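Only one structure is covered here, and it is reproduced in the block below.
The values are calculated or read from the model by the stated rules, or taken from the named source; none is laboratory data. All values derive from a computational prediction rather than experimental measurement. Positions of Cβ are backbone-derived with ideal geometry, glycine not excepted, and every protein chain shown enters the neighbour counts. Side chains are part of the model used for accessible areas, which takes the heavy atoms of the whole protein and leaves out ligands, DNA and RNA. Shrake-Rupley method; radii C 1.70, N 1.55, O 1.52, S 1.80 Å.
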Amino acid sequence: MTTPVRRAGVFAILCTLALAVPLGGPWVGIVIAAAIVVGAFAVTDGPLFDLLAYPGDYEDGRLYGLITFALAAVALGIVAATTSMSVAVFVGTVLLIGYGNLAEQIARRRTDDDVLRSGAFCLVATGGAVVGQTLTHEFTDSIGPLESVASTFPAMIFLGASGALLAALLRDVLLSHDDPIVMLAVGLLCWLLAELEPTLTTAGIVAALAITIALGYASYALETASIAGMLTGILLGLLTIVLGGYGWFVVLISFFGIGGLSSKFRYEQKTELGVAEDNNGARGSGNVLGNAAVAIVAVLGYAASSATLFPGDPDPNLFLFAFTGSVATAMSDTLSSEIGSVFETPRLITTLEPVEPGTDGGVTWQGEIAGLAGAAVVGGISYALFPEVTAVGAAIIVAAGIVGMTVDSLLGATLEGNVLGNQGVNFLATLSGALICALLVLSFAMLG
């Protein structure tokens with residue numbers, strides 16, 4: 001085996017020691033972690049150091065990678081011991097990181113295909129998380145006499161798959177040895193999802209995974225998304241199906257599909273004008289999150305309100321309209337930019353002066369019509385799929401999308417480049433569309 005594989009194997013074994021927590025309690029875990037940290041400080045060279053050291057550890061002769069990894073596990077364990085985070089989530093998270101990393105290192109030896117490497121990580125990481133949660137329940141008998149591990153198996157798969165996708169994404173965006181950061185982020189996500197108590201069946205979670213993975217890979221194969229963008233899309237799609245429903249997913253995937261294909265519209269011409277997306281139009285995680293982060297927060301809010309986790313019991317439908325308003329904004333803005341940029345000279349939205357193609361805040365009448373059509377698509381889909389969305393509701397969604405698109409252009413003309421980046425502008429624009437949509441629906445409800 002190569003050194004990275006051996007190192008990953010040792011880290012996986014150390015991660016397995018997390019099972020001492022459900023067996024012996026938090027103090028046993030703390031003692032083990034403390035022993036690992038002390039040993040890491042003591043080993044400064046030799047074969048053992050070479051086995052455990054990341055490239056950056058050689059400069060100072062310290063196993064900082066191992067030390068920070070152990071401390072991250074301790075921090076997550078303390079959270080589990082002092083909050084409502086379950087020990088099963090803690091153990092599952094630690095095993096997810098350790099065994100997912102081992103699988104990726106083994107795959108790295110055998111293939112240069114980044115998709116296969118990410119797939120190996122996600123598959124084994126999900127399995128590690130499920131095994132960790134199952135063993136924890138068995139050791140602690142925390143499920144209760146009227147339930148069984150089988151009844152919670154779908155939820156364990158959901159938590160494991162969601163955590164694995166987030167871990168794979170973060171490792172792609174950051175560095176593969178930034179696992180302490182990844183571990184904490186995954187643990188917090190799984191804790192949040194567990195608190196929402198999603199109702200799942202084994203067939204349901206398998207179907208959700210199959211659909212999102214298939215569509216995610218299709219976006220990568222069509223070069224409308226990078227690997228990071230693909231992972232982000234799969235994760236967001238999975239959360240949307242499980243916490244919202246398939247109707248919510250159809251609305252979200254309509255943006256990913258139509259928006260992704262619009263980046264291919266007259267791509268060579270846009271390249272000549274200097275307004276084409278990089279990487280042949282493949283969208284990365286930043287672009288996906290900039291446009292969909294508000295939508296996912298709305299999905300989480302909907303799930304939390306349905307689970308009565310919010311004080312005051314807000315109407316779940318407000319989150320539905322916030323979701324559709326944000327997606328309508330993202331669709332409207334994307335089509336406006338991708339289609340409008342290839343037509344006549346744009347004009348700055350604040351002064352109407354002619355500007356060069358690609359200038360932030362530049363608009364064309366063709367782009368505005370394309371944006372209106374994009375918002376109308378989201379409004380029409382929402383009207384068809386959701387009984388809560390009446391004709392008036394659909395019109396509100398379209399209006400929110402147009403307002404959000406206009407906010408995007410205004411921010412582009414005034415703040416983008418100096419204060420905000422493109423993803424920040426996208427986030428604020430979709431947030432404005434979500435808020436406008438929810439507030440208009442709330443106002444009509446109060447008037448009615």
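Checking the conditions here, which among Thr324, Thr359, Thr364 is under 19 Å from Val403 (Cβ atoms), of a type outside the set (Lys, Arg), touching a helix residue (DSSP H, G or I) at 6+ places or on another chain (Cβ under 9 Å) and free of Cβ contacts under 8 Å to residues at least 60 places away in the same chain?
Details: Thr324 fails: free of Cβ contacts under 8 Å to residues at least 60 places away in the same chain; Thr359 fails: under 19 Å from Val403 (Cβ atoms).
After applying the criteria, what remains is Thr364.
Conditions tested, residue by residue: (1) under 20 Å from the mean Cα position of the chain (by Cα); (2) buried (at least 17 other Cβ atoms within 10 Å of the Cβ); (3) under 21 Å from Ile36 (Cα atoms).
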{"position": "Ala70", "(1), (2), (3)": "no, yes, yes"}
{"position": "Ala73", "(1), (2), (3)": "no, yes, yes"}
{"position": "Ile106", "(1), (2), (3)": "no, yes, no"}
{"position": "Arg109", "(1), (2), (3)": "no, no, no"}
{"position": "Thr126", "(1), (2), (3)": "yes, yes, no"}
{"position": "Gly132", "(1), (2), (3)": "no, yes, yes"}
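Taking first residues from the stretch 198-219 that are at pLDDT below 90 and partners that are not in a helix (DSSP H, G or I), the Cβ contacts under 7 Å between residues at least 6 apart in sequence or on separate chains come to Ser219/Ala225. Here Ile97 meets the list (1) over 21 Å from Gly128 (Cβ atoms); (2) at pLDDT 90 or above almost entirely, failing just condition (1).
When you go through Ala413, Ala400, Ala429 one by one, which is the residue that is under 22 Å from the mean Cα position of the chain (by Cα) and buried (at least 18 other Cβ atoms within 10 Å of the Cβ)? It would help to see each step written out before you state the result.
Numbers: Ala413 fails: under 22 Å from the mean Cα position of the chain (by Cα); Ala400 fails: under 22 Å from the mean Cα position of the chain (by Cα).
Testing whether each residue is under 22 Å from the mean Cα position of the chain (by Cα) and buried (at least 18 other Cβ atoms within 10 Å of the Cβ) leaves just Ala429.
For the stretch 3-58, give me each residue that is among the acidic types (Asp, Glu) and either open to solvent by 50 Å² or more (accessible area, probe 1.4 Å) or at pLDDT 85 or above (or both). Within the stretch 3-58, Asp45, Asp50 qualify.
Whether any residue in the stretch 162-173 is surrounded by fewer than 20 Cβ atoms within 10 Å (Cβ to Cβ) and either touching a helix residue (DSSP H, G or I) at 6+ places or on another chain (Cβ under 6 Å) or at pLDDT below 85 (or both) is what I want to check.
Taking the stretch 162-173 as the starting set, the residues that turn out to be surrounded by fewer than 20 Cβ atoms within 10 Å (Cβ to Cβ) are 173.
Imposing the further condition that a residue be either touching a helix residue (DSSP H, G or I) at 6+ places or on another chain (Cβ under 6 Å) or at pLDDT below 85 (or both) reduces the set to 173.
Within the stretch 162-173, one or more residues are surrounded by fewer than 20 Cβ atoms within 10 Å (Cβ to Cβ) and either touching a helix residue (DSSP H, G or I) at 6+ places or on another chain (Cβ under 6 Å) or at pLDDT below 85 (or both).
Go through the residues of the stretch 140-152 one by one and say whether even a single one is under 23 Å from Val186 (Cα atoms), open to solvent by 10 Å² or more (accessible area, probe 1.4 Å) and in contact (Cβ under 8 Å) with a residue 24 or more places away in the chain. Within the stretch 140-152, one or more residues are under 23 Å from Val186 (Cα atoms), open to solvent by 10 Å² or more (accessible area, probe 1.4 Å) and in contact (Cβ under 8 Å) with a residue 24 or more places away in the chain.
Looking only at residues of the stretch 280-317 that are surrounded by fewer than 20 Cβ atoms within 10 Å (Cβ to Cβ) and closer than 18 Å to Ile436 by Cβ, we find that the one that is modelled with the highest pLDDT is Val297.
Just to be sure I understand, how many residues within the stretch 343-354 are assigned to a strand (DSSP E or B) and open to solvent by 50 Å² or more (accessible area, probe 1.4 Å)? Going through the stretch 343-354 one residue at a time, the tally reaches 2. Return the residues of the stretch 322-342 that are open to solvent by 10 Å² or more (accessible area, probe 1.4 Å) and under 23 Å from Leu192 (Cβ atoms); say none if nothing qualifies. The one that is open to solvent by 10 Å² or more (accessible area, probe 1.4 Å) and under 23 Å from Leu192 (Cβ atoms): Ala322.
Residue by residue through the stretch 199-243, note down the ones that are closer than 19 Å to Leu261 by Cβ, polar (S, T, N, Q), in a helix (DSSP H, G or I) and open to solvent by 10 Å² or more (accessible area, probe 1.4 Å). The answer is Ser219, and nothing else. In summary, Phe386 fulfils each of the numbered conditions (1) closer than 14 Å to Ser332 by Cα; (2) surrounded by fewer than 24 Cβ atoms within 10 Å (Cβ to Cβ) with the single exception of condition (1). For the stretch 163-198, residues that are part of a helix (DSSP H, G or I) and over 21 Å from Asp113 (Cβ atoms) total 19.
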